[in-house]
Amino acid sequence: QVQLVESGGGLVQPGGSLRLSCAASGIFFSDNVVRWYRQAPGGKREWVGFIMPGGFTRYGDSMKGRFTISRDNAKNTVYLQMNSLKPEDTAVYYCSIEAYWGQGTQVTGSS
């Protein structure tokens, strides 16, 4: 019933930018906290940040100043803008709302 679909990942050089999208069906982002996570190869799932229904956002320490989460309620889509990407940002990025998760989108920061 509820589906989340991440998109926008890809290969980017260090220092570059990507904007990830998370589109939902069966649930409204405007009524819920939306969280972003990432998981590097062989690593544990790491919290990236969240956006509250009122628009308040918070980020993990390594993301502060580089990543920005935003929301378009009309499109029922949440975005993760990633700037100044580093090789260590390489991971599969997931959005999550309540107990639901998307399939993830691969981000690779490589020269």
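The values are calculated or read from the model by the stated rules, or taken from the named source; none is laboratory data. All figures in this text were calculated on a predicted structure; none of them were measured in a lab. Heads up, the Cβs are rebuilt from the backbone with ideal geometry, glycines too, and the neighbour counts pull from every protein chain shown.
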Q | Options 51, 69; residue that is of a type in the set (A, V, I, L, M) and either touching a residue at least 60 places away in the same chain (Cβ under 8 Å) or in contact with a Gly (Cβ under 6 Å, 6 or more places away or on another chain) (or both) | A | 69
Q) Using beta carbons and a limit of 8 Å, which pairs, at least six apart or on different chains, have the first residue in the range 1-16 and in contact (Cβ under 8 Å) with a residue 60 or more places away in the chain and closer than 19 Å to residue 100 by Cβ and the second one of a type in the set (Val, Ile, Thr) and assigned to a loop (DSSP other than H, G, I, E, B)? A) 2/27
**Q.** Selected residue (only one of 34, 12 is of a type in the set (A, V, I, L, M), within 14 Å of the chain's Cα centre (by Cα) and at pLDDT 95 or above)
**A.** 34
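Of the residues 68, 77, only one is surrounded by 16 or more Cβ atoms within 10 Å (Cβ to Cβ), touching a strand residue (DSSP E or B) at 6+ places or on another chain (Cβ under 6 Å), modelled with pLDDT of 95 or more and farther than 18 Å from residue 102 by Cα; which?
Details: 77 fails: farther than 18 Å from residue 102 by Cα.
Testing whether each residue is surrounded by 16 or more Cβ atoms within 10 Å (Cβ to Cβ), touching a strand residue (DSSP E or B) at 6+ places or on another chain (Cβ under 6 Å), modelled with pLDDT of 95 or more and farther than 18 Å from residue 102 by Cα leaves just 68.
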**Q.** Subset of the range 21-45 [outside any strand (DSSP E or B), touching a residue at least 24 places away in the same chain (Cβ under 8 Å) and within 20 Å of residue 62 (Cβ to Cβ)]
**A.** 40, 41, 43
Q. Picking from 89, 61, which residue would you name as being farther than 13 Å from residue 29 by Cβ, of a type outside the set (A, V, I, L, M) and buried (at least 19 other Cβ atoms within 10 Å of the Cβ)?
A. 89
Q | Verdict on residue 62 being in a strand (DSSP E or B) and out of contact with any Leu (no Cβ under 6 Å at 6 or more places or on another chain) | A | no
Q. Within the range 94-110, which residues are in a strand (DSSP E or B) and closer than 21 Å to residue 26 by Cβ?
A. 94, 95, 96, 97, 100, 101, 105
